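The values are calculated or read from the model by the stated rules, or taken from the named source; none is laboratory data. Just so it is clear, the structure is predicted and the values come from calculations on it, not from any experiment. Cβ coordinates were reconstructed from backbone atoms using ideal geometry, including for glycine residues, and neighbour counts include every protein chain displayed.
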Amino acid sequence: MAKLYFRYGAMGSSKTAQALITKFNYEERNMKVMFIKPAIDTRDGKDIIRSRIGLSATAIALPADVNVYELYKQNYADCKVVICDECQFLTPEQVDQLDLITMDFNVPVLCYGLRTDFKTQLFPGSKRLFEIAHSISEVKSVCNCGDKAIVNARLDDNGNVVYSGDQVMLGGNDRYEAMCRKCWLKHKKEQ
């Protein structure tokens, strides 16, 4: 039976690069891929997924009200895998729909994304994946101090760590830094 996979990590852990490489591996074997991302992620364009190392591909941008199961069934049922980047932005209902694809069509679904936001709180899509994914694995990243990074620290225009605000604020290395919790708390105390 196919599985729903959740591969999570802090910002900068190469999750997107892994998603793109996985897509390439399937396509190299002449297997069609349904490559998706939540429409809220517009950093690299509406329908582009791009990694920090320069890999990129066109993707299907999913608005929050789209039923992924129905989209797959009606338009992508010939795909042998579903790969989702930035899955933390999926709705819990969309995560459930992806799980149904694994069961009803015996197609693996691989989701790559963040576990928590800059306040160390779960994203709704990530929370649901932790609840129902068949396989969960961490893509590790390193803090500047050398310890494992688990926090996605949000930075203001002056490089200070931010501890309040809206959960979603798109950005890359200019706006976020992966840190261990100890360094994140140290910045909080110093500021």
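Here are a few things to note about the model shown:
- Qualifying residues in the range 45-79 (those that are among the polar types (S, T, N, Q) and in contact (Cβ under 8 Å) with a residue 24 or more places away in the chain) - the one surrounded by the most Cβ atoms within 10 Å (Cβ to Cβ): SER51
- Looking across LEU20, LEU4, LEU90, one residue alone is closer than 28 Å to SER141 by Cα, touching a His at 6+ places or on another chain (Cβ under 8 Å) and not β-branched (Val, Ile, Thr). It is LEU4.
- Of all residues in the range 91-149, those satisfying the criterion of being surrounded by fewer than 22 Cβ atoms within 10 Å (Cβ to Cβ), of a type outside the set (Val, Ile, Thr) and in a strand (DSSP E or B) are LEU122, SER135, SER137, GLU138, LYS148.
- Number of positions in the range 125-150 that are in contact with a helix residue (DSSP H, G or I) (Cβ under 7 Å, 6 or more places away or on another chain), more than 19 Å from TYR176 (Cβ to Cβ) and not charged (D, E, K, R): 3
- Residues that are over 24 Å from ASP104 (Cβ atoms), assigned by TED's automatic domain parsing to the domain that holds LEU122 and not in a loop (DSSP other than H, G, I, E, B) do occur in the range 4-14.
- The residue pairs whose first member lies in the range 20-40 and is over 22 Å from THR91 (Cα atoms), whose second member is loosely packed, with under 13 Cβ neighbours inside 10 Å and at pLDDT 95 or above, and whose beta carbons are closer than 8 Å, counting only pairs six or more residues apart or on different chains, are LYS32/ASP78.
- Subset of the range 58-72 that is out of contact with any helix residue (DSSP H, G or I) (no Cβ under 6 Å at 6 or more places or on another chain) and not in a loop (DSSP other than H, G, I, E, B) - its residue that is farthest from LEU90 (Cα to Cα): THR58
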